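Below is one structure, written out as structure tokens, with a few remarks after it.
The values are calculated or read from the model by the stated rules, or taken from the named source; none is laboratory data. On a predicted model such as this, the values are computed, not experimentally measured, just so you know. Don't worry about glycine lacking a Cβ; one is built from the backbone with ideal geometry, like all the others, and counts go over all protein chains shown.
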Amino acid sequence: MRSSLALAAAVLSVAHAQTRSDKRGLVFVPNKKSPEDNKIWVQDGSDLTWYYNYDPTPSSAFSSQAQSDFEFVPMLWGSIDDTSFLDSVNNLIDGGRNISHVLTFNEPDGPTQYGGSNIYPWKAAQIWVDNIIPLKEKGIKVGLPACTGGTGGIPWLQQFLGNCSQLISTNGNTQNCSYDFVTLHWYGNFEGLASHMGEYSAAFPNKTQWITEYNFDNQDLATTQDFFNMSAEYFDRLDSVARYSYFGSFRSDDSNVGPNAVMLNNDGDLTDIGSWYLGGVATGVDPQSGSAARSQVDVLFAVALALVGSLFLI
């Protein structure tokens, strides 16, 4: 007889797979080793409606996708000393692409060795004034910088907004730099995620949230899947969450968040999480299965044979 816990997990998995969501997007970084994976994210029936790639221009892999079907959201990733981001977005608009949202500054409170853009708030404020305010004046919706999930994120943003206000205020007339949504990153358990979102709601009230990177990294498969199902259900039912994008659109052997926290196995087949995220049913594919896993075994076997052979030469 199946345990009640196993039965509950099965029911949750089926229920999640049958739930569709237009909030879901893709964090997309093309992998030159496996370009065949690109088409997975735009297959018929996919739930994904938007994507970003940490760049101001669209990915060539999706050049045939209409903006209305798969919205590209430009990102101002880090520090620049000009208006190149503004120019790039304006060029997209002039070329006929309907840009309605932009993202700003990837983990500016984090060090570069861990993927952060590591920018002082005052510097980011000047870049915002030069590149983002002109886009907002065009009606484009802009997101606050996406800080890390650490305790320094909210203080960084508060200082940034204060610096930005100083730049645009004149003659004693205080002006505030406005934004349309708050952007969050989180790598940890579900309870921590919910608490983190609550802290941001309190610090930046009456703004919708985009969770543009999230995962419970480096966990066993069951824990990873439970986190995915709970968080997706949570995001989908909250009106305060406008969009979210799961960080895991890569193969297990390319993962920097653990081998189980991925949407593709080592052969590029959709895992349960990958299929659920796209709106499908469980596939039963082990994230760590596939050619790369087999090749690692082959390497270890070859090393073992070499060691055994060396013993006979001594």
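What pairs can you find where one residue is in region 52-64 and under 18 Å from SER100 (Cα atoms), the other is modelled with pLDDT of 95 or more and of a type in the set (A, V, I, L, M, F, W, C), and their Cβ atoms are less than 6 Å apart, with a gap of 6+ or different chains?
If the second residue must be modelled with pLDDT of 95 or more and of a type in the set (A, V, I, L, M, F, W, C), the pairs left are TYR52/VAL73; TYR52/MET75; TYR52/LEU103; TYR54/MET75; TYR54/TRP77; PRO56/PHE85; PRO58/PHE72.
For region 125-148, which residues satisfy the criterion of being over 18 Å from the mean Cα position of the chain (by Cα), hydrophobic (A, V, I, L, M, F, W, C) and part of a loop (DSSP other than H, G, I, E, B)?
Correct list: ILE132, ILE140.
When you scan region 278-288, do you find a residue that is crowded, with 17+ Cβ neighbours inside 10 Å, small (Gly, Ala, Ser) and under 17 Å from the mean Cα position of the chain (by Cα), even just one?
No, region 278-288 has no match at all.
Determine whether TYR214 is more than 22 Å from PRO121 (Cβ to Cβ) and either touching a helix residue (DSSP H, G or I) at 6+ places or on another chain (Cβ under 7 Å) or modelled with pLDDT of 95 or more (or both).
In short, yes.
Would you please name the residue that is farthest from GLN209 (Cα to Cα), looking only at residues in region 139-170 that are free of Cβ contacts under 8 Å to residues at least 12 places away in the same chain and among the β-branched types (Val, Ile, Thr)?
Of everything passing the filter in region 139-170, THR170 is farthest from GLN209 (Cα to Cα).
Look through region 171-199, keep the residues that are among the acidic types (Asp, Glu) and touching a residue at least 12 places away in the same chain (Cβ under 8 Å), and return whichever of them is nearest to ILE127 (Cα to Cα).
The qualifying residue nearest to ILE127 (Cα to Cα) is ASP180.
Pull out all pairs, ordered by first then second residue, where Cβ-Cβ is under 7 Å, the residues are six or more apart or on different chains, the first lies in region 92-116 and is at negative phi, and the second is surrounded by 14 or more Cβ atoms within 10 Å (Cβ to Cβ) and of a type in the set (Lys, Arg).
Final answer for the pair search is SER100/LYS141; HIS101/LYS141.
Going by the conditions given, is VAL42 on the phi < 0 side of the Ramachandran plot, surrounded by 16 or more Cβ atoms within 10 Å (Cβ to Cβ), in contact with a His (Cβ under 8 Å, 6 or more places away or on another chain) and not small (Gly, Ala, Ser)?
no
Do we find that ASP44 is at pLDDT 95 or above and among the acidic types (Asp, Glu) in this structure?
No, not satisfied.
Looking at ASP82, ASP87, ASP69, ASP109, which one is surrounded by fewer than 20 Cβ atoms within 10 Å (Cβ to Cβ), modelled with pLDDT of 95 or more and in a loop (DSSP other than H, G, I, E, B)?
ASP82
Using the structure shown, decide if GLU233 is more than 21 Å from GLY25 (Cβ to Cβ), charged (D, E, K, R) and not in a strand (DSSP E or B).
It is false that GLU233 is more than 21 Å from GLY25 (Cβ to Cβ), charged (D, E, K, R) and not in a strand (DSSP E or B).
Which one is farthest from the chain's Cα centre (by Cα), of the residues in region 149-181 that are assigned to a loop (DSSP other than H, G, I, E, B) and closer than 23 Å to ASN118 by Cβ?
Applying the filter and picking the extreme gives CYS177.
From the list LYS39, LYS32, pick out the single residue that is at pLDDT below 95 and part of a loop (DSSP other than H, G, I, E, B).
Unique residue meeting the criteria: LYS32.
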